[in-house]
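Student: Structure in structure tokens, see below.
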Amino acid sequence: MGEQTLTDTFGRRIDYLRLSVTDRCDLRCSYCLPKGFKGFEEPAHWLTFDEITRVVRAFTALGLHRVRLTGGEPLMRRDLPALAAQLSALPGIEDLSLSSNCTQMESLAEPLRRAGVRRLNVSLDSLRPDIFQQLTGGDLARVLRGIEAAHSAGFAPIRVNTVVLRDQNEHEIEDILDFCAARGFTLRLIEAMPMGSTGQAAMQRSLDLQTVKRRLERRFDLIPDILPGGGPARYYRLRGSETRIGLITPMSQHFCETCNRVRLTVDGTLLLCLGQEHSYPLRPLLRAGVTDVELVAHLRLAIALKPERHAFNDQPTRIVRFMSLTGG
């Protein structure tokens, strides 16, 4: 299988896979999973490491070269460094990264770094223990220790993701930015999305990041910038420093026209759009003995289903699956 390119019907080249290794999470972020939620996928339906590697190998034959390990919380998947090592060894994989809440990063930072994970996105919605506990149900001190462990292990760049919510953490943006600047991290602010009942409820507290940008411009001179990674953020550098801030604005200024990514859920379903239901089941094919050549052909068929844009604005109650079940 010689290298080719994977292009959807709207001319967008697909070169980035968000790979969910679990739908489980040890936090309960208010905009993601409801407290007490137990409707997780059966472990028998999870793709095995070998099945995941087969899918990623097939994608690389079509020119895909970026993979991000996500969840749920990916560090909850047992032996994750072993999977990371399998994926980083695949010809064509140029960028293996990870999204994590860092609750378990103290013990896993070094093994993951040795396995080939290079970049890290950290979910951090508050630097106040009480607000953090209110928003996530978690222990901020443990998360901060995990972040420092990742920093010490050599992950670079480290990008801190903060979902901005009115009357909860909006007043902390500058403090979190200072935290990132002191460590050489990039802060990325994110608008809440109406995914599942929790996401739809969070929309009542979501902030338009165009408003936040204007607020930041009163304190900082923001210079448009570009950072590698293939994600949707629009970046700015603070003049006179190397500190950068990114805005991820799926609601106020969507980025669908440049979307270069698809998501693979833990049960082997390929999701073609975060805000639509278009999908393609791969697990039945893998377990029925599909050949590598046939698998590549199925990926082409799947990408042909990718819609032009999400429906969050027009149909905000359409997506009933929670974000943790989707893959970050």
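The values are calculated or read from the model by the stated rules, or taken from the named source; none is laboratory data. This is a predicted model, so every value here is computed, not measured. Please note: Cβ atoms are built from the backbone with ideal geometry, for glycine as well, and neighbour counts cover all protein chains shown. The area values use the complete protein model at the heavy-atom level, side chains included, leaving out ligands, DNA and RNA. Shrake-Rupley method; radii C 1.70, N 1.55, O 1.52, S 1.80 Å.
Student: Between D15, D8, which is in contact with a His (Cβ under 7 Å, 6 or more places away or on another chain) and of a type outside the set (F, W, Y)?
Tutor: D15
Student: Let me ask something else. Which residue is nearest to L299 (Cα to Cα), if the candidates are limited to segment 40-61 and must be touching a residue at least 40 places away in the same chain (Cβ under 8 Å) and among the small types (G, A, S)?
Tutor: Ranking the candidates gives A58 first.
Student: Within segment 43-56, how many residues are buried (at least 20 other Cβ atoms within 10 Å of the Cβ) and either of a type in the set (S, T, N, Q) or not in a loop (DSSP other than H, G, I, E, B) (or both)?
Tutor: The number of residues fulfilling the criteria is 3.
Student: Hey, can you tell me all the residues within segment 46-68 that are of a type outside the set (D, E), more than 24 Å from T7 (Cβ to Cβ) and out of contact with any helix residue (DSSP H, G or I) (no Cβ under 7 Å at 6 or more places or on another chain)?
Tutor: W46, T48
Student: State yes or no: is S206 farther than 23 Å from L165 by Cβ, in contact with a strand residue (DSSP E or B) (Cβ under 7 Å, 6 or more places away or on another chain), of a type in the set (S, T, N, Q) and at pLDDT below 95?
Tutor: So S206 does not fit the description; no.
Student: Do we have any residue at all in segment 19-42 that's closer than 16 Å to P281 by Cα, outside any loop (DSSP other than H, G, I, E, B) and open to solvent by less than 40 Å² (accessible area, probe 1.4 Å)?
Tutor: Yes, segment 19-42 has at least one match.
Student: Give just the number: which of (1) part of a loop (DSSP other than H, G, I, E, B); (2) open to solvent by 40 Å² or more (accessible area, probe 1.4 Å); (3) more than 26 Å from R57 (Cβ to Cβ) does P228 not satisfy?
Tutor: (3)
Student: Moving to a separate point now. If A141 satisfies every condition in (1) surrounded by fewer than 21 Cβ atoms within 10 Å (Cβ to Cβ); (2) small (G, A, S); (3) assigned to a loop (DSSP other than H, G, I, E, B) but one, which is the exception?
Tutor: (3) is the only condition that A141 fails.
Student: Right, here's the next one. Which ones in segment 5-26 are of a type in the set (A, V, I, L, M) and farther than 30 Å from T136 by Cβ?
Tutor: Answer for segment 5-26, where residues must be of a type in the set (A, V, I, L, M) and farther than 30 Å from T136 by Cβ: L6, I14.
Student: Can you list residue pairs whose Cβ atoms sit under 6 Å apart, with the first residue in segment 114-136 being without any contact (Cβ under 8 Å) to a residue 60 or more places away in the chain and surrounded by fewer than 20 Cβ atoms within 10 Å (Cβ to Cβ) and the second being of a type in the set (V, I, T) and in a loop (DSSP other than H, G, I, E, B)? Count only pairs 6 or more apart in sequence or on different chains.
Tutor: none
Student: For segment 62-108, what are the residues that are open to solvent by 10 Å² or more (accessible area, probe 1.4 Å) and closer than 18 Å to I303 by Cβ?
Tutor: H65, R66, G92
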